[in-house]
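Bear in mind these aren't lab numbers, they're just calculated from the coordinates by the rules spelled out. Since this is a predicted model, take the numbers as computed values, not measurements. Positions of Cβ are generated from backbone atoms using ideal geometry, with glycine treated the same way; all protein chains shown enter the neighbour counts.
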Amino acid sequence: MYQNFSEFLQNKSKICVIQAENPDGDSLGSSLALEALLEDKEVSLYCPVNVPKYLRYFSGWERIDQNFDYQADGYIIVDTAATILLSKLLDDLVIRNILYTKPIFVIDHHETADDLDFPHQSIIEHLPSCTNLIYKIALDQNIKINQSAAENIFQGLLSDTLGLTTAGVTADTFRVAAHLTELGADINKLEENRKEYMKKSRRILDYKADLIKRIEYSLDDKLSTIHIPWSDITEFSDEYNPNALILEEMKMVEGVEVAVAIKTYPDGKVTGKIRTSKPIADKVAGYFGGGGHPFAAGFRTYDTTYDDVLHDLVFCCNDLLFKSEETN
């Protein structure tokens, strides 16, 4: 079923694994898992941005490099098939040339359509996490899943499913988790490591209190939004991602059906992280050219303002919520 992955690896001794410019626990787990799985290869791990401090509970995070490996025989892109999330690579003419001329393989689990225009092979399958897909590929292709690979696959799965609690989790997901435990992944140890790194300083807790006061509501309180300006990003993001700090809290407010954290940057870039109680998150993101899952998604847009994005967000959410109510 996944024979094209094994065929891609043939006659290649050096592989570079690429994360997008919005690393999360799933993309990091995918990169480290592939490194552990491809024991017979020389594997480099690339991400165009620093690994945020709140992800450094992953053993081996320090091996993620911001220096691109120009000498690899092949490149594997994990956890995205979206051009907009690879813009830093595509804006670099040398890296862009490599993507268009060297063998590329994409592994992704999102429902959003693959819009990459450079030649590539891919395995794209809607699953709870990209590491879940990597696990399936490894089993199918008889690639040994050692303890390190099992731990990173498990951590990626836990990250993207919020501890196996999101809507996409099925009985199969728990079977995967059970098998990973048998292969040496200790969920208690992994969770203790995560909790240690997720501890908040008093400064971050004070910042969270400030964020809560800044939440705005629209559409009869069905839409909850928070603006995270560049000043907040520079001051707090490396220590704790403001999105992770507030977004789930916003979604849990009575009556809220869509929660969006909006970040604004000096260059006109605006990003949005979306959580919903109805399966419309990917549609909301799609309005802005983004994508993701039915209950969790994101977008990135350029040459715009917070006010314009908020205006469009209210419009599209009103339409999507109305259609959702009609369907039900």
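Provide a single number: the residues in the stretch 209-248 that are of a type outside the set (Phe, Trp, Tyr) and not in a helix (DSSP H, G or I). Break it down into steps so the answer makes sense when it comes.
Initially, the stretch 209-248 is screened for residues of a type outside the set (Phe, Trp, Tyr), giving 209-216, 218-229, 231-235, 237-239, 241-248.
Next, only the ones that are not in a helix (DSSP H, G or I) stay: 215-216, 218-229, 237-239, 241.
Residues that pass the stated criteria total 18.
Please list, ordered by first then second residue, the pairs with beta carbon atoms under 7 Å, 6 or more apart or interchain, first in the stretch 306-319 and farther than 15 Å from residue 264 by Cα, second outside any helix (DSSP H, G or I) and of a type in the set (Ser, Thr, Tyr).
Here the result reads 314/218, each pair linking the stretch 306-319 to a residue that is outside any helix (DSSP H, G or I) and of a type in the set (Ser, Thr, Tyr).
Filter the stretch 249-302 down to residues that are among the hydrophobic types (A, V, I, L, M, F, W, C) and assigned to a strand (DSSP E or B), then give me how many there are. Let's see the steps before the verdict.
Taking the stretch 249-302 first, the residues among the hydrophobic types (A, V, I, L, M, F, W, C) are 250, 252-253, 256, 258-262, 270, 274, 280-281, 284-285, 288, 295-297, 299.
Then keep just the ones that are assigned to a strand (DSSP E or B); that gives 258-262, 270, 274, 296-297, 299.
Going through the stretch 249-302 one residue at a time, the tally reaches 10.
Of the residues 34, 89, only one is closer than 23 Å to residue 150 by Cβ and part of a helix (DSSP H, G or I); which?
On the way: 89 fails: closer than 23 Å to residue 150 by Cβ.
Of 34, 89, the one residue that is closer than 23 Å to residue 150 by Cβ and part of a helix (DSSP H, G or I) is 34.
Residue under question is residue 144, and the condition is that it be in contact (Cβ under 8 Å) with a residue 60 or more places away in the chain, loosely packed, with under 14 Cβ neighbours inside 10 Å and basic (Lys, Arg); does it hold?
Values: in contact (Cβ under 8 Å) with a residue 60 or more places away in the chain: yes; loosely packed, with under 14 Cβ neighbours inside 10 Å: yes; basic (Lys, Arg): yes.
Yes; evaluated as a whole, the condition is true for this residue.
Any residue at all in the stretch 61-80 that's over 21 Å from residue 296 (Cβ atoms), more than 18 Å from the chain's Cα centre (by Cα) and in a helix (DSSP H, G or I)?
yes
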